[in-house]
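What follows is a single structure, written as structure tokens, with notes after it.
Rule-based calculations on the coordinates, nothing more; no lab input. Just so it is clear, the structure is predicted and the values come from calculations on it, not from any experiment. FYI the Cβ positions are ideal-geometry reconstructions off the backbone, even for glycines, and counts take in every protein chain you see.
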Amino acid sequence: MDVRRRTLANGLRVVVAPIPGLRSVAVLLAIEAGQWFEPAGRPGIARLCALAMLRGTTTRDAKTWADAIDALGASARLDVGSHAAVFSAQSLGDDLGALLDLMADAVIRPALAEGEVELVRAQTLAQIEEDARNTRAVAERAWRELVYPPGHPFHARAIGDAAVVRSATAEEIRGHHGQAIRPGGAVLVLAGGIDPERARAAGERAFGVWEAKDGRTKREVRSVALAAAVRRLEVVPDKTQSDVIIGWPGLPRNDPRFVAARVTNMVFAADTFASRAGHVVRDELGLAYYVFSTIGASRGQSPWTVRMGVNPQNVERAIAVALDELRKICDGQVAAEDLALAQDKLVGELDVVRESPGGVAGLVLEAELFDLGPDHFERYPRELRAVTRDQVVETARSFLPPDRHALAIAGPPLPEAA
Amino acid sequence: MTLYGLEARHAPVVTLWVWYHVGGRNEVPGTTGMSHFLEHMLFKGTPLHPKGDLDKLLARYGALWNAFTSEDVTCYFETVPRERYGVALELEADRMRNALISREETEAERTVIVSEREGLENDPSFLLGEQLQAIAFNRHPYGQGVIGSKDEIKLMTRDGLYAHYRRHYAPNNAYVIVVGDASPDELVDRATQAFMPLDAEANVDPPKAPEPPQYGEKRLVVRRAGGAVPIIQIGFHTPRASDAMAPALTFLAVALAGATAGGGESASGRSSRLYRALVDTSLATDADASYNLMKDPYLFVVEATLRPGVTHDRVEKVILEELARISRDPVTDDEFARVRRQLLSATAFTTDTVTWRAWRWGSLLATGAATSLDDWYARLAAVTVDEVRAAAAATFSERKRNVGWFVPEAV
């Protein structure tokens with residue numbers, strides 16, 4: 001993969017990955033302004049700020065800015081994750097300069113006007129209300145509340161807490177923008193049908209004026225561990241299926257054990273068909289349509305969770321079966337074939353994901369955001385292959401203790417409680 | 001069987017898509033959901049590749065693979081590293097004629113499909129859409145949807161599934177699209193070798209149940225406690241994908257709601273008419289418009305998720321005013337250029353991914369919308385201002401209208 005990097009004077013890293021033969025370019029701008037960098041006790045401020053940034057700048061009102069994005073035919077969105085706020089976009093290669101100018105305008109010079117903040121606030125409160133009847137969203141909220149104490153960056157979902165959303169002022173949002181939206185630590189990835197030098201120059205032209213800011217106060221975050229199994233059932237009326245999350249606090253992306261954790265995740269439950277939990281829960285027993293696990297990548301202990309959609313009659317059995325599979329791994333029952341399958345899949349996916357400019361951009365972004373090194377793409381497949389059975393067992397024992405999990409269930413009443 | 005190949009050299013992968021001309025459209029009451037159920041059973045093994053073999057082989061190569069069933073087609077695909085193309089071909093050719101579909105696996109999979117249906121039922125938009133589709137079609141099987149009712153899923157028999165399989169899964173009822181890192185000739189030649197030995201079945205006649213004209217608005221209300229916010233869906237009868245009006249209807253959907261959907265985090269599509277009329281004005285949190293390419297006449301659907309406290313009446317009135325306006329007044333040159341650019345760019349975005357390039361081509365062929373990606377692109381690029389207005393005027397009439405309200409009930 002052809003990847004070229006340059007760090008601008010303001011600290012922004014511009015990384016270009018040309019892919020000959022394509023017409024479009026995928027753009028990812030990751031700013032260290034995710035939940036991890038949110039002010040303590042104010043969950044939801046980061047997302048409010050991000051959404052308000054999309055509603056007009058000091059040089060273009062919301063309508064003009066939106067018209068300009070659509071006139072390019074670009075797709076664009078700004079999502080707040082556990083680590084970063086990621087502005088992702090795609091345009092035709094020839095339009096890259098104009099797209100970056102619009103993105104830079106929103107990032108560097110947002111108006112954050114009162115009226116637009118009110119609109120974003122109302123939209124967010126409506127979404128929170130809608131989510132209260134969404135079993136997946138309810139399970140996610142409940143699970144986070146079980147695992148992360150109040151004040152922890154991951155205690156709430158990125159959408160935040162309704163009370164915070166109601167009370168946030170435009171001034172607070174401007175303050176957050178001033179603090180968190182900064183070029184230091186940010187990464188701009190451009191991948192697709194582009195001339196690398198022209199793309200880099202366009203990135204520098206658009207974002208070179210972004211002023212560096214002084215160091216920010218480091219947020220003290222205490223490490224989290226589950227002392228025992230904890231469980232919460234949230235009844236959501238008039239639903240037919242329960243959404244189940246079993247999970248644990250994970251480990252930082254920079255932790256040297258993270259690669260082993262990815263392999264462990266694949267052996268256990270990452271894939272509905274290739275992993276053990278999905279194989280047993282869906283394929284052998286027919287208890288669920290979907291079963292998969294994810295491990296978050298951030299500077300902190302992002303969620304490491306297994307998710308299932310299950311009929312209420314089958315909830316307890318599906319949970320028991322998934323945890324049984326985990327216990328077997330912790331007991332050392334990891335067949336060489338299971339480990340090889342997990343490694344092959346993770347390595348093979350590195351080729352397949354290159355089929356799209358967005359896939360390439362995503363690979364590059366993770367490597368840059370977590371300083372995985374310029375030789376990461378050459379090293380990473382070898383590191384995946386080098387993970388041993390003992391490392392998988394040890395990782396599961398350390399991070400996924402079956403008897404110290406957090407379980408959230410959202411949906412109809414369960415049979416015993418009905 | 002016809003095979004189509006296309007080169008894509010930017011990544012070391014090949015994507016193989018097998019399309020069968022069978023879906024919800026080919027079902028009759030009592031067997032709705034059969035094509036979708038069958039799709040699940042195609043992953044349950046053949047004599048040569050017992051259950052689990054396919055999953056593990058494809059997983060081992062890091063493949064992106066899946067299947068889906070629509071009203072018109074059932075489709076299987078895998079995107080694999082180019083050196084594994086042969087494996088993908090072998091698996092697809094094998095399961096085209098040799099799926100086991102055992103009684104035991106049918107029973108095991110039944111609960112998975114019920115679970116899939118129950119997951120959909122948790123979504124108020126699905127509940128409303130399913131009902132809207134049902135009232136919009138009196139005769140045509142499109143009214144039955146795809147996944148089938150829970151009762152029918154529970155009653156589906158192994159023998160019925162197997163007969164459906166033998167009847168529809170044969171090379172003469174399928175076509176293959178392959179795109180990837182090799183010459184089109186090589187891609188197609190290898191696919192030909194894989195599928196050539198398979199026997200054809202008797203040809204299947206397309207279903208003959210044309211939908212009679214609708215003579216006035218139909219309305220329905222779904223009242224459930226499972227959603228917190230009100231939803232409106234309005235479906236208008238439209239011509240099929242092969243109709244000359246199809247590109248203008250595709251254009252119209254983008255003019256109304258943009259080329260990409262996306263909620264609050266999305267920054268694109270905000271210049272669209274419905275976003276401006278509903279979201280910017282605080283009446284709705286989301287607005288969408290879609291014209292799906294289908295074999296037979298289907299629906300143009302407009303959907304809005306209302307802000308809490310806003311009434312259905314008010315939003316419906318605004319939507320209908322917007323539809324009347326675009327039916328009456330030609331779009332301005334600026335707006336036309338903006339929509340055209342969104343449409344053509346979105347086409348490029350889709351086709352810059354190997355997997356979705358094959359999907360797009362296959363869906364055009366399945367429905368008769370176009371003969372190639374270039375053909376469809378040219379048809380979209382040739383749409384005129386007058387055609388957009390005329391398509392809107394022909395579509396957004398009271399006689400063709402089906403209106404659905406989702407009304408959240410108090411707990």
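Take every DSSP beta bridge whose two residues both sit in chain B, then give the antiparallel share in percent to the nearest 5. Can you show the working numbers first?
Numbers: 42 of 55 bridges.
Antiparallel: roughly 75 percent of the beta bridges in chain B.
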Worksheet item: Relative contact order for chain B: what is it in percent, counting Cα pairs under 8 Å that are at least 6 residues apart?
Response: 22
Worksheet item: Which ³J(HN,Hα) values in Hz, rounded to whole numbers, follow from the phi angles of segment A:36-42 under the Karplus curve 6.51 cos²θ - 1.76 cosθ + 1.60, where θ = phi - 60° and Gly and Pro get x?
Response: 4, 9, 7, x, 4, x, 10
Response to the item:
Quick note, segment A:230-417: a/c under 1.5 would make it rounded; otherwise a/b > b/c is prolate and the rest oblate (a ≥ b ≥ c, C-alpha gyration tensor); here it is prolate
Worksheet item: What FRET efficiency, computed as 1/(1 + (r/R0)^6) with R0 = 35 Å and r the Cβ-Cβ distance, is obtained for B:Glu7 and A:Gln179, rounded to the nearest 0.05?
Response: 0.10
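Could you state the orientation-averaged shadow area of the convex hull built on the Cα atoms of chain A, in nm² to one decimal?
Working: hull surface 80.9 nm².
Seen from a random direction, the Cα hull of chain A projects 20.2 nm² on average.
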Worksheet entry | Distance histogram in 10 Å bins (all Cα pairs of the protein assembly as shown, percent per bin) | 2, 12, 21, 28, 24, 10, 2, 0
Discussion item. Quick query: amide H of A:Val14 versus all other amide H atoms, modeled in the peptide plane; which residues come in under 5 Å with a sequence gap of 5 or more or a different chain?
Written reply: A:Arg6, A:Thr7, A:Leu8, A:Leu188
Worksheet item: Say each of A:Leu226 and B:Glu83 gets a label point 7 Å from the Cα, pointing the same way as Cα to Cβ; how far apart are those two points in nm?
Response: 4.1
Discussion item. Considering just Cα atoms, how many Å³ per residue does the convex hull of segment A:1-85 enclose?
Written reply: 138
Worksheet, complete the sentence: If R0 = 22 Å, then B:Ala244 and B:Asp374, at their Cβ-Cβ distance, give a FRET efficiency to the nearest 0.05 of 0.75
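Stretched out fully, how many nm does the piece from B:Met196 to B:Asp333 gain, at 0.36 nm a residue minus the Cα gap? Write down the numbers at each step before the final one.
Numbers: separation 137, 0.36 × 137 = 49.32 nm, distance 5.17 nm.
Once the chain is fully extended between B:Met196 and B:Asp333, it gains 44.2 nm.
Within segment A:314-418, list the chymotrypsin sites (Phe, Trp or Tyr not before Pro) lying in a DSSP loop whose Cβ has at most 12 other Cβ atoms in a 10 Å radius. Spell out each step's value before the answer.
Numbers: sites: A:Phe370, A:Phe377, A:Phe399; in loops: A:Phe370.
Of the chymotrypsin sites (Phe, Trp or Tyr not before Pro), not one in the loops of segment A:314-418 has a Cβ with at most 12 other Cβ atoms within 10 Å.
Could you pull out the longest piece of chain A with no exposed loop GluC sites (Glu not before Pro) in it, calling a site exposed if DSSP puts it outside H, G, I, E, B and it has at most 14 other Cβ atoms within 10 Å?
Values: sites that count: A:Glu211, A:Glu220.
Longest stretch, sites excluded: A:1-210.
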Worksheet item: B:Asp185 versus B:Lys218, label points 7 Å from Cα toward the beta carbon: distance in nm?
Response: 5.3
Worksheet item: Where nothing but the Cβ of Lys and Arg (+1) and of Asp and Glu (-1) is charged, how large is the charge dipole of the protein assembly as shown around its Cα centre, in debye to the nearest 20?
Response: 1160
Discussion item. Based on alpha-carbon atoms only, what is the radius of gyration of segment A:4-207 relative to the globular estimate 2.2 N^0.38 Å?
Written reply: 1.06
Practice prompt. Before rounding to the nearest 500, sum -39500 (n - 2.57) across all DSSP H runs of length at least 4 in chain A and divide by the residue total; then give [θ] at 222 nm in deg cm²/dmol.
Written response: -13000 deg cm²/dmol
Practice prompt. Provide, for q = 0.09, 0.12, 0.17, 0.18 Å⁻¹, the log10 of I(q)/I(0) from a solvent-free Debye sum over equal Cα point scatterers in segment B:218-408.
Written response: -0.33, -0.59, -1.15, -1.26
Fill in: Relative contact order (%) - chain A, alpha-carbon pairs under 8 angstrom, separation at least six
22
Item to complete: Calculate one ³J(HN,Hα) per residue across segment A:288-295 by plugging θ = phi - 60° into the Karplus curve 6.51 cos²θ - 1.76 cosθ + 1.60, and present them in order as whole Hz with x for glycine and proline.
Response: 8, 7, 10, 8, 7, 10, 9, 10
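Would you mind getting me the FRET efficiency between B:Arg167 and B:Glu107? Use the beta-carbon distance for r and R0 = 30 Å, nearest 0.05.
Numbers: r = 22 Å, r/R0 = 0.74.
E(calc), rounded to 0.05, equals 0.85.
Just to confirm the filter: which trypsin sites (Lys or Arg not before Pro) across segment A:215-268 are DSSP coil and have at most 10 other Cβ within 10 angstrom of their Cβ?
Numbers: sites: A:Arg216, A:Lys218, A:Arg219, A:Arg222, A:Arg231, A:Arg232, A:Lys239, A:Arg253, A:Arg257, A:Arg262; in loops: A:Arg216, A:Lys218, A:Arg219, A:Arg222, A:Lys239, A:Arg253, A:Arg257.
Qualifying residues, ordered by number: A:Lys218, A:Arg222.
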Worksheet item: What share of the DSSP beta bridges in the protein assembly as shown is antiparallel, in percent to the nearest 5?
Response: 80
Practice prompt. Treating cross-link reach as a plain straight distance, find the lysines whose alpha-carbon is under 25 Å from the alpha-carbon of A:Lys239, omitting any fewer than eight places away in the same chain.
Written response: B:Lys150, B:Lys154
Worksheet, complete the sentence: Exposure proxy check on B:Phe126, A:Phe268: fewest-to-most Cβ neighbours within 10 Å is B:Phe126, A:Phe268
Worksheet item: Can you give the calculated 222 nm mean residue ellipticity of chain B, where each DSSP H run of n ≥ 4 adds -39,500 (n - 2.57) and the sum is split over every residue, rounded to the nearest 500 deg cm²/dmol?
Response: -13000 deg cm²/dmol
Worksheet item: Out of residues 5 or more away from B:Gly226 or on other chains, whose amide H comes under 5 Å of its own, with H placed 1.01 Å from N in the peptide plane?
Response: B:Glu409
